[in-house]
Amino acid sequence: MDLGTILQILDSTIRLATPLLFACLAGLFSERAGIVDIGLEGKMLAAAFLSAAVAALTGSVWIGLFAGIGASVALSLVHGLASITFRGNQLISGVAINFLASGLTVLIAQNLFQQGGRTPSLTGDARFSPIRLPFAAELRDVPVIGQLYSVLLSGHSLLVYVALICVPLSWWVLFRTRFGLRLRAVGENPAAVDTSGVSVVALRYAAVVICGVLTGLAGAYLATGLSAGFVKEMTAGRGFIALAALIFAKWRPVQALWATLLFGLLEAIANRYQSLELGGLVIPVQLMQALPYILTVIILAGFVGKAIPPRAGGQAYVKER
Amino acid sequence: MTITPDTGRQAQPAAPAFAIELRGICKAFGPVQANKDISIQVEKGTIHGIIGENGAGKSTLMSILYGFYRADQGEILIDGAPTQIADSQAAIRAGIGMVFQHFKLVENFTVLENVILGAEEGALLRPSLAKARRSLTDLAREYELNVDPDARIEDLSVGHQQRVEILKALYRQAEILILDEPTGVLTPAEADHLFRILRNLKREGKTIILITHKLREIMEITDNVSVMRRGEMTATLRTAEATPETLAELMVGRKVLLRVQKTPAQPGKPVLEVENLKVVDDKGVERLRGIDLSIRAGEILGIAGVAGNGQSELLEVLAGIATGTGTARLNGTALDLTGRTSDGQTRRASRVAHVPEDRHRRGLILDFAAWENVGFGYHNAVAYQKNALLMDNDALVRDTAAKMERFDIRPPNPRLAAKNFSGGNQQKIVLAREIESAPDLLLIGQPTRGVDIGAIEFIHQRIVALRDAGKAILLVSVELDEIMSLSDRIAVMFDGQIMGECLPQDADERQLGLMMAGMKGGSA
Amino acid sequence: EPGLVIDLGGKFDKSFNEAAYNGAQRWVQETGGTYREIEMQTEAQREQFVRRMAEAGANPIVVMGFQNASTLEQVAPDYPDTRFVLIDGVTDEPNVRSVVFAEHEGSYLVGMLAAMASETGTVSFVGGMDIPLIRRFACGYAQGARAANPDIAIIQNMTGTTPAAWNDPVRGGEITRAQISQGSDVVFAAAGGTGIGVLQTAADEGIYGIGVDSNQNYLFPGSVLTSMVKRVDNAVYEAFSEGPGLETGIVTMNLAAGGVGYALDEFNAELLTEEMLAAVDAAAEQIMAGELQVHDYMSDDTCPVN
Amino acid sequence: MERMPKWADTVLVPLISLLIAFVISGLVILAIGENPVEAMQIMVSGAIGSTYGWGYTLYYATNFMFTGLAVAVAFHAGLFNIGGEGQATLGGLGVAVVLLSVGWPHWTVALIAAMAGAALFGAAWAAIPAWLQARRGSHIVITTIMFNFIGAALLNYLLVNVMRPAGSMDPSSARFGVTLPGLHEVLALVGIPFSRATPANITFFIAILACVVVWALIWRTRLGFQIRAFGKSEPAAVYAGISPVRITMYAMLISGGLAGLMAINNVMGEANRLVMNAVEGAGFIGIAVALMGRSHPFGVFLAAILFGFLYQGGAELALWTSIPRELIIVIQALVILFTGALDNMVRLPIERIFAARGRRGV
Ligand SMILES: Nc1ncnc2c1ncn2[C@@H]1O[C@H](COP(=O)(O)OP(=O)(O)OP(=O)(O)O)[C@@H](O)[C@H]1O
Ligand SMILES: Nc1ncnc2c1ncn2[C@@H]1O[C@H](COP(=O)(O)OP(=O)(O)OP(=O)(O)O)[C@@H](O)[C@H]1O
Ligand SMILES: [Mg+2]
Ligand SMILES: [Mg+2]
């Protein structure tokens, strides 16, 4: 395997990791505030669809992007209503949201475009086109560094860079601002937040909305950046993998980057090689494709270091017994 | 003699400088009247003690003052001015700080982070942290409140965690500080340190409300003391004019101890023998520090003591729920305390019955019907099986109906869900189940907590009847009169150890009260 | 009235199913007749949908897709009076006409064009689901490319092993990028909906793509070199025209029968030079005349070149 | 504490939730420019207007009974099993393995063997997440979801590389030798004419039997008693000496076995061979069915029939209108949302109403 191939694989790793990264950070904000969200998958799907659909109709990827974010935030608020206001079961709520999305997207897509639940493929301004970083072309021939720069870093769509920026940004918000402190506190011990005179409900809604925005970006990238249009069920479990990455990352932004890159790499390899040959034995493509899910289980089983989730995760805050 | 609130003496003719005045506070939790028409005045710059049995309503009252709960009725005056305390924010603004019975700290945050939480300077943390760090060092100097600002809460001892709570309050410029059973979780040394801190605070003119069960503490540092019983404020007086005896009386109540008519015990052979029993909880704290005791057939051993001194652990390890070290022999054969080959089922098989302290959490399944709760734990009993496969629910229901009859459980409806019975009747369901399993040893905790007098008497008779049937009974209760009236022998527990033993006839409340408060009281 | 059962992917897949839909539409315009049409929704639904169409009394019923061979084996016997037409697959039920195409011949031609258009000397192929039918495409394509340029390098990838592989543009795009990184500058997509992703990426990365089934030249004008067209539309049109009386058995639509070919229209006119066209048409003549035998992968599950 | 009568809790609340779900679905149909009333008519006539429709309705209902029971049993133990999809998939594998391994003399013997295989494989697929939950505290919700994906990949591999007959192009196993008697044959015995063109088969009765058995298990056996106790309160269960680990394992094994049994219906009964994605989301519908049916076998039975109706009606809609069958997934989602997550939103007001009437009554 020559350097070029490796670069190509890493290049596609970055592309494929981006939606996972957005979703993972989304889950991070939500779970840090004590709201478990297995509805990431559904929100991503809804955002992917609406962004693609609106982009296709208006011809502007930007309008599409905002539509996608809107869709995901709307679902987030449903989740908030169920799990914060009505103290319902957060898992069931997430499951419901996943189905709602997978049903509605196809329903509306079919109704709008009659293409078997697909949107027309996006062209021109209707999708995010690659951005060539300055001097990418010039440096292309400089060995290693030049190639790294021009092949790996350069030539991705805007959202990839946004995602990368979101990592330090999330870290800063969570660990360097008042909001972050309170957000983390409400996920650990809401009573402490309450008795210090801060509204638990407001904080949790804020977290849920942030989660919605980030998931929206994930979905929008999937449909308008990574590919050019929406295909039914195109999230293909990425929402759940993002959750696993979140656990793997122990609910920390920077680790989230590495975790999602790992999953991205697995997918990139599975995409490139039908079946992988490792010293004689052939790994069938199906195993390659299942690898992310298997890895997820291994992570959840705590075989790669036990991760302590936010203590108040998954429970509604009830003051009086 | 009865002692009535004597406000006349408190109200200085000069200036009625009341930091806090509560008028007619009422609070009910569902059917539970936690506070009934409570009025109290707290003088500025004093330490005001509040004592009362478990469940008397102390925490509820203070939670209302701090805006954590909303009162159903009544008004609150701060420095003479009527103040609406809708939420904790309002309380903080009014200069009230509270240290809860169960700390409200974020375990994996540092001390600094916990202190600034909710009281940050601006959108960014850095300045707030810097400021907090400075004022923390000041406070530490001023009040001997030294804690490492960068330590994580979970790494701190309980005593230090408590200081963080106090610091939190002071950092928010609290003028009035409420401490709910602060020493319940402290070692004597830590407690002494706490009192030094409190005195310093008082010297700085702060007002302090101190909730406790422990007479020694009241006598030691309070200026005034109020006594609560069953949700009501029964008396307020100057500590100087009170004695441990009078307070113990007020706390336990003047009502005649309902002496259950019981013949003297005819103790038989020893049924339970415990030696050097130790229990360490998951936090690594030693809850039982070497217990030795033995109970004979036809004898009731009463364990007196303030809640949280290891009684619960004692019951649970004997019942096979918790694990411990040491030896415990039942009728001569050793019980497995490690939990490896033992659990609730094996204990029941070896004829140990257990009435747990918390009926809501352990003793009952509130959503189950009465008959299911009667079968609960005994679901494997042969009598309840129709055949190898199926349970005989009808038999169970019939049996339940009979038990309800015998225990006068109302309403006598086996199919009613447990949660719809009143506390007293819920408790009777548990008792019916455990007592009628005809055990050799009955472990029974707080048999009459949250139960009305009528039911109390009945329950007591049942326990004595079981004793007279030649069974051994280990009774744990925070209600002194209950211990006094039921036990054949009394052991007092404090801080995971048995302070001493005595016989009810030659024990008096005062002496017991002192031992419960950790004073190596009179002989055993 | 005739019925059309469209396979997964939908009638606007710009490819196989859309071709059938267009054929049906042409029949409607020319005869003014009406027909029933349903789209498969899920794998396990195939039987129910074909049955439902038969229950509804449609005749003849055109069923798209090789996967429905086994479906018809189940359903056809229950409706002996109904004539079924299976596109792209073979069953020997008495009341079924099986229409198969000589994809290897058409692929041979576009293979030649690819080789001639390639500057890097490397061309590639993206298949949908890895099945003999698609390998037949690949093999024909490879033979044509070799014929036009004996030392051309050919990269072949399949998208997957399940029907999902027909509908995975993202993966198609990734595979194409991989092939480009290996030097390919002409890619032939025989992958249904996945092909859209392939052609898309080809257009993005500035190389040539080759469409399949329908004429897909118009999708990305200037970057779709040509399309290997399969006249599914004709097959459907004929079936509809012949009506309930159509005779059954296996019908092979090859180059000679105008069943397959390469697409030339205003969108790719200036991409194909005179000599390219000359060479291809010559080859086509030979094939039709039987002078040139393009090896059919499915005849022995092997391919002479690769 | 004022509570509302049992019937309100078990009947009224779910019905109102269902009503809300339907109203919203109606709005969705309106939104995509179709007529809800017509749609309803098509669904009704298509699903129960003919024995043909009934056949499919009951066929789907049979699937949902198994998956619904699976979810319900887990719910009773306080566990949320979203893995029904994967467990049913593996159940199908079990059926195929059993039926393809040897030639079976008669369908009865084959059926029993196939049931064993289905339940075994389904349970096995549930066992790992169960163990991880009980011993390592891994979140069973996510692990079961992951096992759905892994199961799909596994089946994919086996169908493509192992079970696909030589020369066949589509990834599916060979046909089984034996077929189950169709519902029409059974009904013919009692002289009821029934469409022969439907996949409904004798499994329908097995499903009803399963409902009865599960009912007995949950409400009449020691294990059921312990499962319910553990599900209601773990501390209490520990007090009574009920082992959380053991109960978690048992409950999930039973749950997985039930989900696996669904394969008798769709794999052995309908397709009569193992095809890809044969479960078609029935595993997930089980969640809605269990929530609707309040985890009671009889409720599950009714809810399964309801969803069978929706499923077949939806297929008909997809057939003759431009409303895709995904409409059902939307309805399913709304049912889960309102009967599950937003339960309090529906319940609290009703409770208040009853409380008020109660007070006035007293
Ligand atoms: N959140 C609640 N919900 C329902 N009942 C409650 C709640 N909090 C307290 N109670 C009940 O109100 C009564 C008073 O409780 P409270 O905690 O105020 O007593 P306390 O004097 O603080 O007892 P302790 O000395 O054990 O702390 C008890 O019967 C208790 O069971
Ligand atoms: N600490 C508590 N937390 C939650 N609920 C409680 C608490 N204490 C009591 N309750 C609820 O309040 C109901 C009544 O309890 P309580 O012990 O006050 O009954 P009661 O009215 O005193 O009846 P009885 O006269 O038989 O004791 C019980 O069913 C119980 O569910
Ligand atoms: Mg208290
Ligand atoms: Mg009471």
Just to be sure before I move on: is B:A86 aliphatic (A, V, I, L, M) and without any contact (Cβ under 8 Å) to a residue 12 or more places away in the chain in the structure I sent? no
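Table: residues versus (1) within 12 Å of chain B (Cβ to nearest Cβ); (2) not in a helix (DSSP H, G or I).
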residue	(1), (2)
D:A216	yes, no
D:G224	yes, no
D:F230	yes, no
D:P235	yes, no
D:L261	no, no
D:M268	no, no
D:A278	no, yes
D:A290	no, no
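Of all the residues that make up the stretch C:32-41, how many are away from chain A (no Cβ under 11 Å) and either assigned to a loop (DSSP other than H, G, I, E, B) or of a type in the set (G, A, S) (or both)?
Taking the stretch C:32-41 as the starting set, the residues that turn out to be away from chain A (no Cβ under 11 Å) are C:32-38.
Keeping just the survivors that are either assigned to a loop (DSSP other than H, G, I, E, B) or of a type in the set (G, A, S) (or both) gives C:32-35.
Residues that pass the stated criteria total 4.
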Of the residues in the stretch D:120-162, those that are surrounded by 20 or more Cβ atoms within 10 Å (Cβ to Cβ), facing chain A (nearest Cβ under 8 Å) and among the polar types (S, T, N, Q) number 3
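So that you can scan it fast, the table gives a plain yes or no per residue for (1) within 28 Å of B:H379 (Cα to Cα); (2) of a type in the set (A, V, I, L, M, F, W, C):
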| position | (1), (2) |
| --- | --- |
| B:E436 | yes, no |
| B:Q461 | yes, no |
| B:V464 | yes, yes |
| B:V478 | no, yes |
| B:S485 | no, no |
| B:I490 | no, yes |
| B:M493 | no, yes |
| B:C502 | no, yes |
Is there a residue in the stretch D:311-324 that is under 19 Å from D:F66 (Cα atoms), away from chain A (no Cβ under 11 Å) and touching a residue at least 60 places away in the same chain (Cβ under 8 Å)? yes
Members of the stretch A:166-189 found to be among the small types (G, A, S) and over 20 Å from B:V111 (Cα atoms), listed by number: A:S170
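Every residue, every condition in (1) at pLDDT 90 or above; (2) aromatic (F, W, Y); (3) part of a loop (DSSP other than H, G, I, E, B); (4) surrounded by 21 or more Cβ atoms within 10 Å (Cβ to Cβ), yes or no:
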position: C:L8; (1), (2), (3), (4): no, no, yes, yes
position: C:D13; (1), (2), (3), (4): no, no, yes, yes
position: C:Y21; (1), (2), (3), (4): yes, yes, no, yes
position: C:A24; (1), (2), (3), (4): yes, no, no, yes
position: C:W27; (1), (2), (3), (4): yes, yes, no, yes
position: C:E30; (1), (2), (3), (4): yes, no, no, no
position: C:A44; (1), (2), (3), (4): no, no, no, no
position: C:Q48; (1), (2), (3), (4): no, no, no, yes
Name the residue, out of C:A189, C:A178, that is under 22 Å from A:Y273 (Cβ atoms) and either basic (K, R) or in a helix (DSSP H, G or I) (or both). C:A178
Out of all the residues in the stretch D:81-117, which are under 21 Å from D:I128 (Cα atoms) and surrounded by fewer than 18 Cβ atoms within 10 Å (Cβ to Cβ)? D:A116
Look at A:A55 and say whether it is buried (at least 24 other Cβ atoms within 10 Å of the Cβ), outside any loop (DSSP other than H, G, I, E, B), within 13 Å of chain C (Cβ to nearest Cβ) and touching a residue at least 40 places away in the same chain (Cβ under 8 Å). no
Please note which helices (runs of 4 or more DSSP H) are completely contained in the stretch B:72-155 and include at least 2 residues that are more than 14 Å from every other protein chain (Cβ to nearest Cβ) and surrounded by fewer than 20 Cβ atoms within 10 Å (Cβ to Cβ). B:125-143
Of the conditions (1) of a type in the set (G, A, S); (2) in contact with a helix residue (DSSP H, G or I) (Cβ under 7 Å, 6 or more places away or on another chain); (3) at pLDDT below 90, B:G231 satisfies every one except a single condition; which number is it? (2)
Options B:I459, B:I429: the member that is in the same structural domain as B:F494 (by TED's automatic domain parsing), of a type outside the set (D, E, K, R), closer than 18 Å to B:P356 by Cβ and within 16 Å of ligand 4 (Cβ to nearest atom): B:I459
When (1) more than 13 Å from every other protein chain (Cβ to nearest Cβ); (2) within 16 Å of ligand 4 (Cβ to nearest atom); (3) over 16 Å from B:D358 (Cα atoms) are applied to B:N420, the one that fails is (1)
Counting only residues that are farther than 16 Å from D:R246 by Cα, free of Cβ contacts under 8 Å to residues at least 40 places away in the same chain and either surrounded by 22 or more Cβ atoms within 10 Å (Cβ to Cβ) or of a type outside the set (K, R) (or both), how many does the stretch D:211-235 have? 3
Find the helices (runs of 4 or more DSSP H) located wholly in the stretch B:396-489 whose residues include 1 or more that are in contact with a His (Cβ under 9 Å, 6 or more places away or on another chain) and more than 28 Å from B:S294 (Cα to Cα), and list them. B:423-435
Expected output for the stretch B:42-62 (first residue within 21 Å of B:L77 (Cβ to Cβ), partner within 8 Å of ligand 3 (Cβ to nearest atom) and part of a helix (DSSP H, G or I), Cβ below 7 Å, 6+ apart or cross-chain) is B:I50/B:K58
Listed residues A:A202, A:A242; which is more than 10 Å from every other protein chain (Cβ to nearest Cβ), in a helix (DSSP H, G or I) and surrounded by 24 or more Cβ atoms within 10 Å (Cβ to Cβ)? A:A242
Looking at (1) outside any helix (DSSP H, G or I); (2) more than 16 Å from the chain's Cα centre (by Cα), which one does D:R294 not meet, given that it meets all the others? (2)
Contacts under 8 angstrom Cβ, first residue in the stretch B:205-230 being within 13 Å of ligand 3 (Cβ to nearest atom), partner among the charged types (D, E, K, R) and not in a strand (DSSP E or B), 6 or more apart: B:L210/B:E217; B:I211/B:K58; B:I211/B:E181; B:T212/B:E181; B:H213/B:E53; B:H213/B:E181; B:M228/B:K58
All but one of (1) away from ligand 1 (no atom under 15 Å from the Cβ); (2) modelled with pLDDT of 85 or more hold for B:I40, so report the exception by its number. (1)
Any residue that is in contact (Cβ under 8 Å) with a residue 60 or more places away in the chain, more than 13 Å from every other protein chain (Cβ to nearest Cβ) and more than 28 Å from A:L287 (Cβ to Cβ) - is there at least one of those in the stretch C:163-185? yes
Which is within 11 Å of ligand 2 (Cβ to nearest atom) and touching a residue at least 24 places away in the same chain (Cβ under 8 Å), of B:R449, B:R489? B:R449
The stretch B:439-471 - residue that is within 16 Å of ligand 1 (Cβ to nearest atom) and within 14 Å of another protein chain (Cβ to nearest Cβ) and, of those, modelled with the highest pLDDT: B:G445
Look at C:P221 and say whether it is surrounded by fewer than 24 Cβ atoms within 10 Å (Cβ to Cβ), touching a residue at least 12 places away in the same chain (Cβ under 8 Å) and not in a helix (DSSP H, G or I). yes
Would you confirm whether any residue within the stretch A:28-40 is assigned to a helix (DSSP H, G or I), within 14 Å of A:L217 (Cα to Cα) and either within 14 Å of chain C (Cβ to nearest Cβ) or not hydrophobic (A, V, I, L, M, F, W, C) (or both)? no
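The values are calculated or read from the model by the stated rules, or taken from the named source; none is laboratory data. Since the structure is predicted, the reported quantities are computational estimates derived from the model, not experimental observations. Glycine also receives a Cβ, built like all others from the backbone with ideal geometry; neighbour counts cover every protein chain displayed.
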